[in-house]
Amino acid sequence: MKVGLFIPCYVDQFYPNAAIATLQLLEKLGVDVSYPKNQTCCGQPMANSGFAHLTGGCDKLFTENFKHFDYIVAPSGSCVLHIKEHLHSDEYADEAASIREKVYELSSFLTDILQVESLPARFPFKVGVHQSCHGQRGLYLSQMSELVAPGFSKPGKLLNMVEGIDIVPLNRPDECCGFGGTFCVAEEAVSVKMGKDRVEDHLSHGAEFITGVDMSCLMHMEGLLRRQGSKVKVIHIAEILNSYK
C-alpha cells in the first residue's frame, strides 16, 4: 500500500507538529508513506468564497502530485471534503475521479481502511473532542445528534484506545465552533460568539485539551482561549494517537 501524505497549507505553516505526528503514526502502523514536496493549497479557500472556477491550477497540480498513490491521507476533514467534492482536471479527468474516491481524512483511513483496533499511545489528560462540521456532516466521521439513529464516532473510537485519556462529556457534542473558513472573516462577530460558546462547553467540563480532526477549527478556538487567558490547549488528534506510552 502506497500512501501519499496531503498536508494542508495552514497545517504546514502554523501547525507542523500535526503533520509530523500524522506521518509518524502512519509509519508506526506499517504504511509506506510519501510526501510530494511541491504540493500547495488544494483550493478550498477560493471555493468557499465562490470562486471554485478559478482553482484549475490547484486541481491540476494536486492531481499530478497524487495520481499514482493507492490512497491519499490528510489530517484535515475540510480539505479532504473539498477534494472529494470539487477536484476536477480536464487533462487528467480519470485520475482526478480516482483521487476523489481514494482520499481520506486520517481518522477515517485508520478505522475504515487500516481497521486499527489498538494503539500504543498514552495521554493522561482530560480531553474535550470537537466534532468539526465538515468531518461530521460531509465525511460522516460521527453521527449527528439530531438524527434518531445509533451513535458512532470514528475519532472517538480511536481516542478510546489511548491509555489514560479522560474524554469529557459535552452539553452539545456536535455544535459548530463558528470558524467556517471565510465565514469567520465575513461574519466575524457571529463567528466569535459561536466560538466562545463552543469553548465554554469544554471549559465547563474541565477539559485540559481540546482535540479534533481539523486544525482550522482548533486554531479558531485556540485564539479565543488565548484571549481569555486560559491554560487549556488545543491539539490535533494525530498528536494524541501518536503520543508515546
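The values are calculated or read from the model by the stated rules, or taken from the named source; none is laboratory data. Everything quoted here is computed from the prediction, not taken from an experiment. Here the Cβ is made from the backbone with ideal geometry for all residues, glycine too, and neighbour counts use every protein chain on show. Please note that ligands, DNA and RNA were not included when accessible areas were found on the heavy atoms of the full protein model with its side chains. Shrake-Rupley method; radii C 1.70, N 1.55, O 1.52, S 1.80 Å.
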Conditions (1) farther than 30 Å from Val162 by Cα; (2) of a type in the set (A, V, I, L, M); (3) surrounded by fewer than 22 Cβ atoms within 10 Å (Cβ to Cβ) -> Ile99 fails only (3)
Confirm whether Val190 is touching a helix residue (DSSP H, G or I) at 6+ places or on another chain (Cβ under 9 Å) and surrounded by fewer than 20 Cβ atoms within 10 Å (Cβ to Cβ). yes
For Ala74, the lone unmet condition from (1) open to solvent by less than 10 Å² (accessible area, probe 1.4 Å); (2) modelled with pLDDT under 95; (3) aliphatic (A, V, I, L, M) is (2)
Members of the range 121-161 that are more than 23 Å from Glu200 (Cα to Cα), in contact with a strand residue (DSSP E or B) (Cβ under 8 Å, 6 or more places away or on another chain) and open to solvent by less than 20 Å² (accessible area, probe 1.4 Å): Ala121, Leu141
Does Asp166 satisfy being surrounded by fewer than 16 Cβ atoms within 10 Å (Cβ to Cβ) and in contact (Cβ under 8 Å) with a residue 40 or more places away in the chain? yes
So which of Leu61, Leu29 ends up being in contact with a Leu (Cβ under 8 Å, 6 or more places away or on another chain), surrounded by fewer than 20 Cβ atoms within 10 Å (Cβ to Cβ) and of a type outside the set (Ser, Thr, Tyr)? Leu29
Please go through (1) of a type in the set (S, T, N, Q); (2) open to solvent by 20 Å² or more (accessible area, probe 1.4 Å); (3) under 24 Å from Phe123 (Cα atoms) for Thr182 and return the number of the only condition it doesn't satisfy. (3)
Only one of (1) β-branched (Val, Ile, Thr); (2) without any contact (Cβ under 8 Å) to a residue 60 or more places away in the chain; (3) buried (at least 24 other Cβ atoms within 10 Å of the Cβ) does not apply to Thr111, and that is (3)
Just the residues that are part of a helix (DSSP H, G or I) and surrounded by 14 or more Cβ atoms within 10 Å (Cβ to Cβ), please, taken from the range 32-58. Gln44, Pro45, Met46, Ala47, Asn48, Ala52, Gly56, Cys58
